[in-house]
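The values are calculated or read from the model by the stated rules, or taken from the named source; none is laboratory data. These figures come from a predicted structure and were not determined experimentally. Cβ placement follows ideal geometry from the backbone for every residue including glycine, while neighbour counts extend to all protein chains displayed. Surface accessibility is based on the protein's heavy atoms, side chains included, excluding ligands, DNA and RNA. Shrake-Rupley method; radii C 1.70, N 1.55, O 1.52, S 1.80 Å.
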Amino acid sequence: MPRRPPQPVRRPTSARHGRGQGPVQLQPVPAGRLKLVLAVLLLALGGLAGRLAWLQVIAADGLATRARQVQTERIPPLGRKRSIVDRNGRLIALDEERVTVWAHPRYFRFHDRNDPETADPNRHRSPIEVARLLAPVLGVDATELVRRMGNRPSGIRLATDLEPSLARRVRELAIDGIDLSPGPQRLYPQGSLFANVVGFLNLDRVPQAGLEQSRDADLRSQESSIGLRRTADGVPLPDGLNAGMLYRDDLRLQLTLDTRLQRVAQLELARAVRHWHAKRGAAIVMDARNGELLALTSVPTYDPNRYWSFSPSLFREWSVQDLYEPGSTFKPINLAIGLQEKVLNAHTMVDDIGQLQISGWPIFNADRSGHGTIDLATVLQVSSNVGMVQAMRQLKPSIYWDWLHRIGIDEAPQTDLPGAVSGQLKDRATFLENPIEPATAAFGQGLSLTPLKLVQLHGMLVNGGRLVDPHITRGLRTGDALGGPRPAQGRQLLDPAVCRQVLAWLETVVQKGSGKPAQVPGYRIGGKTGTAQKAANGVYIPGARITSFVAHLPIDDPRYVVLVVVDEPQGGNAYGSTVAAPVAKSIIESLLVIEQIPPSGAASGRAG
Amino acid sequence: MTTVPSAGMARAASPTPGGLLPLPLSVWPTETRLLLGLVVTWCLFGLLVLLSASWWPSLQETGNGFYTIQRQLIWLAISWGLLLLVIRTSIRRLLHLAGPAVLLGCVLIALTLVVGTEVNGASRWLVLGPIQLQPTELVKPFVVLQGAALFAHWRRISPDQRMLWLGVFGALILLILKQPNLSTAALTGLLLWFIALASGMPLTIMGGVAGLGAAAGTLSILVNDYQRERVTSFLNPWKDARDSGYQLVQSLLAIGSGGTTGSGFGLSTQKLSYLPIQTTDFIFSVYAEEFGLVGSLVLLLFLAVFGLVGLQVALRARGNQLRLVAIGATTLLVGQSIMNIAVASGAMPTTGLPLPLVSYGGNSLLASLFTAGLLIRCSLESAEHSSPVSGRSPS
């Protein structure tokens, strides 16, 4: 079109305008030029058509995908963790939502409705302008906010752990370049009470100890990353939302522990540890029918909400992870083995001569005196070492070892408690060749186990011979639902009659033996004290003892085992009966109330 | 100017008494009726597109999703009143008004530089109570008229008159540039250039002016940082998609998301605050997302048809001034649409221009319907001229 020369149109006069007005000759506007102008416009329209065809056909998929990406907000899993509750639904650990505020000064923009002069929403804003808006909401001085932003263009953590309500107010300010990232924060409302069991998450939400670590997979909330289309102002669009996409599970991990009992146990234990200047202590209460632990506490412990101010050595539960020689508290187990093998019976008498020589090793009673010919109940009452050696000598060492192995001294108990370790038992050959080995084992030395294992073994006496798995979790429950107790379980190893016999002897220990401090009027309670020498690297440490008390109750309907262990109490009068038994008594009293155990009938107070 | 005679239209100056229209619609020639139909269609189309594009921002800013469309309807009514006024007024009388109007426009634009309110860093406004005046918009139809008056009888006008008006136009463009409103300045310049081209000015001169304009534009871009940034972000908007390239990137995403058939009326996602100024400069992107390539091509085809009808009016028009007014009005409406779509689709650097009769804004509506009125009036005047032949033959 443009190539056409306009010359031919240039005529001196217009033939068409016949009426030709005007003094000067009129040069008509050439039609060709008009067409030329329109041709240019049409050409431009054609070009646009090509451009749009390219955008909407060839580049369409790429652009549409890109647009989707811009419009879709991926909500990554927040890493929420499930709550932990005690057996009655009391919260032990929970997540609360907290918000972190991020600043990206290079994108600072906002729409100031109060100030039409500068209402331009595309104007870039300075950090101080943004800080002035944020300061009253965050409760931080504007100059402090500006200082935090410094000169960095983006990615500044302006505030952390913001309450969701405050975060909403920040969001309502609608400032470009201010991002909010919500995240959960783990809280332990009971403080140190369950720290030894539950453990904690560190600031990066990595589990560091306890159940948080061992049950990490179970505690992790079922979350999937959600792609949600939104408007640029953040309003979610219903487009592409499937049913259940926003589902959030409300499962909670229910424990078998009872907060009230746990608190009593910890208070009493802490008091004893403080009073006796002991190194540490542990208290365990187990329902022997199914192995549920009602309390598992240890001293010293730490506050998981402020874990950083405690020594990492506290982050483990020693009653589950550390071995000790149980001493006298092991004697009832031995007697049960003897009864089961029928080398002992209710009327067996032993000769306690006060001192024995076995393979050249001297064995004494704790009080270094002999008690003469006594029955087995008395052996337990006076905690006679010599009497125990005499009684267990009647069992062939091989059978004895097999029993120690069968009840699992040298294996870790089946438990959900993190880090449970196996005990130590001399290997079979050593045990058989050296008479001193069965002899020391008879009064609970020369072998070592964890307090938890000892509770399991005494549970066997209480529940009629079954080795139950001690555990602290009942499982995941939805919402406020609570699970009931697990049914009775465990491997039957001893005859119920054997267990009844041993419990009868143990009741006499509390009635008239070393267990007197644990007496609770109106209730029939069995128990055994323990005061053992501590060994390190095979050598007994002078003066270092570990005192313990294990209780069984109620004797008329045996169900609970209570074990209190206090490590290295100081003072000449520090024995199982003086240090551990009073703690056990306090725990038992609370247990009786909490579990609503009726007093024993008319039979109470009389020997079984 | 008053010495310039127009092709005599004495009868047209006296409207039919009583009616709104200068002539009963029934005696309008087909071409004029078609033109009116196109303008009405364009307005209705614009309302529908604006309804979809403005609903979300209106809801966000005022709580009333129809806020923008309600105001647009009021402005549309006023603008149609203006259109009716224009088609009842002879082009000759309008041409007489054009000179003073352009001069007044210059003064007002100069005033915006002193007391104007800035919006989006450009295009200044004069705020008179509840009414915001945008002199750069309002002056456009008068530029068409005055341009037509100037170039229709270029050879018969004294050199000092030529120089005077060329100087006024130059000053006008410079003032608009100073606002700074690069797009309107460019549009005004192009408009005058096209009118001059249509008038039959020698192609060598036209080429020379075009070359000068291009050189001046290039120089301006090289000198002004903000203009250079616009051009570089236009050449590669993805480079800084969150900052300088943001508008264009969002617009391209919207248009591309539309695909062939679009997402459907009202279902644009990009209009949900992703697109900036989605009711004015980037309203085409919303339309293209909702109606796809099919819709885009229909709109382009509509513009082509409008252009062809405009050309027909220009070709039939009696007298140079009428011809140039017709082609100028057509160029203004179609050309501004082309520039708006070109900007939205990334074929031109990002500059703010409304899409005539579609974008939100009273000033733009007034100017566009005034311009459309000029075209209809030209068509009518040609028809009246020929009516003794065509109109009376059946009787």
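For the range A:318-336, give me each residue that is open to solvent by less than 10 Å² (accessible area, probe 1.4 Å), in contact with a strand residue (DSSP E or B) (Cβ under 7 Å, 6 or more places away or on another chain) and closer than 14 Å to A:Pro451 by Cβ. Give the derivation first.
Just the residues of the range A:318-336 that are open to solvent by less than 10 Å² (accessible area, probe 1.4 Å), to begin with: A:319-320, A:326-327, A:329-336.
In the following step, the residues that additionally are in contact with a strand residue (DSSP E or B) (Cβ under 7 Å, 6 or more places away or on another chain) were identified as A:319, A:326-327, A:329, A:331-332.
Hits for the range A:318-336 are A:Ser319, A:Pro326, A:Gly327, A:Thr329.
From the list B:Leu73, B:Leu85, which one is away from chain A (no Cβ under 14 Å), more than 17 Å from B:Ile376 (Cβ to Cβ) and within 19 Å of the chain's Cα centre (by Cα)? Answer to the selection: B:Leu73. Of the numbered conditions (1) in contact with a helix residue (DSSP H, G or I) (Cβ under 6 Å, 6 or more places away or on another chain); (2) within 8 Å of chain A (Cβ to nearest Cβ); (3) assigned to a helix (DSSP H, G or I), B:Leu308 fails exactly one; give the number of that condition. Looking at each condition in turn, B:Leu308 falls short on (1). Being out of contact with any Leu (no Cβ under 7 Å at 6 or more places or on another chain) and in a helix (DSSP H, G or I) is the filter here, so list the residues in the range B:261-286 that pass it. Passing the criteria: none in range. Restricting B:Leu182, B:Leu267, B:Leu219 to residues that are open to solvent by 40 Å² or more (accessible area, probe 1.4 Å), free of Cβ contacts under 8 Å to residues at least 12 places away in the same chain and either out of contact with any His (no Cβ under 9 Å at 6 or more places or on another chain) or not aliphatic (A, V, I, L, M) (or both) narrows the list to B:Leu219.
The single residue among B:Leu191, B:Leu174 that is within 13 Å of chain A (Cβ to nearest Cβ), at pLDDT 90 or above and assigned to a helix (DSSP H, G or I) turns out to be B:Leu191. For A:Ser14, the criteria (1) open to solvent by less than 50 Å² (accessible area, probe 1.4 Å); (2) within 7 Å of another protein chain (Cβ to nearest Cβ); (3) at pLDDT below 85 hold in every case but one, which is (2).
For the range A:20-46, taking the residues that are more than 8 Å from every other protein chain (Cβ to nearest Cβ) and open to solvent by 70 Å² or more (accessible area, probe 1.4 Å), the one that is modelled with the highest pLDDT is identified as A:Leu43. Of all residue pairs spaced 6 or more apart or on separate chains, those with beta-carbon atoms under 8 Å, a first member in the range B:72-101 that is open to solvent by 50 Å² or more (accessible area, probe 1.4 Å) and a second member that is hydrophobic (A, V, I, L, M, F, W, C) and not in a helix (DSSP H, G or I) are B:Arg88/B:Leu20; B:Arg88/B:Leu21; B:Arg92/B:Met9; B:His96/B:Met1. Please enumerate the residues belonging to the range A:587-596 that are open to solvent by 30 Å² or more (accessible area, probe 1.4 Å) and among the polar types (S, T, N, Q). Within the range A:587-596, just A:Gln596 meets the criteria. The requirement of being more than 12 Å from chain A (Cβ to nearest Cβ) and surrounded by 24 or more Cβ atoms within 10 Å (Cβ to Cβ) is not satisfied by B:Ile255. Does any residue of the range B:323-330 turn out to be within 9 Å of chain A (Cβ to nearest Cβ), open to solvent by 10 Å² or more (accessible area, probe 1.4 Å) and assigned to a helix (DSSP H, G or I)? For the range B:323-330, residues within 9 Å of chain A (Cβ to nearest Cβ), open to solvent by 10 Å² or more (accessible area, probe 1.4 Å) and assigned to a helix (DSSP H, G or I): present.
Checked against (1) closer than 15 Å to B:Ala372 by Cβ; (2) without any contact (Cβ under 8 Å) to a residue 12 or more places away in the chain; (3) not hydrophobic (A, V, I, L, M, F, W, C), B:Thr32 passes all but condition (2).
In the set (1) among the polar types (S, T, N, Q); (2) surrounded by fewer than 24 Cβ atoms within 10 Å (Cβ to Cβ); (3) at the interface with chain A (Cβ under 10 Å from one of its Cβ atoms), B:Thr351 fails one condition alone, (3). Scanning the range A:440-452 for residues that are open to solvent by less than 10 Å² (accessible area, probe 1.4 Å) and more than 19 Å from the chain's Cα centre (by Cα) yields A:Ala441, A:Ala442, A:Gly444, A:Leu447, A:Leu449, A:Thr450, A:Pro451. Within the bounds of the range A:371-390, is there any residue that is surrounded by fewer than 20 Cβ atoms within 10 Å (Cβ to Cβ), among the small types (Gly, Ala, Ser) and closer than 24 Å to A:Ala544 by Cα? Checked the range A:371-390: no residue is surrounded by fewer than 20 Cβ atoms within 10 Å (Cβ to Cβ), among the small types (Gly, Ala, Ser) and closer than 24 Å to A:Ala544 by Cα. Of everything listed in (1) assigned to a helix (DSSP H, G or I); (2) more than 7 Å from chain A (Cβ to nearest Cβ); (3) open to solvent by 10 Å² or more (accessible area, probe 1.4 Å), the single unmet condition for B:Leu315 is (2). Among the residues of the range A:181-202, those that are buried (at least 16 other Cβ atoms within 10 Å of the Cβ) and touching a Phe, Trp or Tyr at 6+ places or on another chain (Cβ under 8 Å) comprise A:Arg186, A:Tyr188, A:Ser192, A:Phe194, A:Ala195, A:Val198, A:Gly199, A:Phe200.
Residues in the range B:111-123 that are open to solvent by less than 50 Å² (accessible area, probe 1.4 Å) and either among the aliphatic types (A, V, I, L, M) or modelled with pLDDT under 85 (or both): B:Gly116, B:Gly121, B:Ala122, B:Ser123.
Has the range B:199-213 got any residue that is among the hydroxyl-bearing types (Ser, Thr, Tyr), within 14 Å of chain A (Cβ to nearest Cβ), within 20 Å of B:Val325 (Cα to Cα) and crowded, with 19+ Cβ neighbours inside 10 Å?
Within the range B:199-213, one or more residues are among the hydroxyl-bearing types (Ser, Thr, Tyr), within 14 Å of chain A (Cβ to nearest Cβ), within 20 Å of B:Val325 (Cα to Cα) and crowded, with 19+ Cβ neighbours inside 10 Å.
Criterion applied to A:Thr508, A:Thr529 was being surrounded by fewer than 24 Cβ atoms within 10 Å (Cβ to Cβ) and modelled with pLDDT under 95, and the one residue passing it is A:Thr508. Taken over the range B:259-293, the criterion of being within 16 Å of A:Leu48 (Cα to Cα) and at the interface with chain A (Cβ under 9 Å from one of its Cβ atoms) is satisfied by B:Gly259, B:Thr260, B:Ala288, B:Glu289, B:Gly292, B:Leu293. Return yes or no: is A:Gly419 open to solvent by 40 Å² or more (accessible area, probe 1.4 Å), small (Gly, Ala, Ser) and in contact with a helix residue (DSSP H, G or I) (Cβ under 6 Å, 6 or more places away or on another chain)? Taking the combined requirement at face value, the residue satisfies it.
Scanning the range B:53-64 for residues that are at pLDDT 90 or above and of a type in the set (Gly, Ala, Ser), we see that the one that is farthest from B:Phe291 (Cα to Cα) is B:Ser58. Residues in the range B:229-247 include none that are assigned to a helix (DSSP H, G or I), over 30 Å from A:Thr65 (Cβ atoms), away from chain A (no Cβ under 13 Å) and among the small types (Gly, Ala, Ser). Please work out which one of (1) within 14 Å of chain B (Cβ to nearest Cβ); (2) open to solvent by 10 Å² or more (accessible area, probe 1.4 Å) is the condition A:Thr231 fails and give its number. Failing condition for A:Thr231: (2). Of the residues making up the range A:56-102, those that are outside any strand (DSSP E or B), within 14 Å of chain B (Cβ to nearest Cβ) and open to solvent by 70 Å² or more (accessible area, probe 1.4 Å) number 7.
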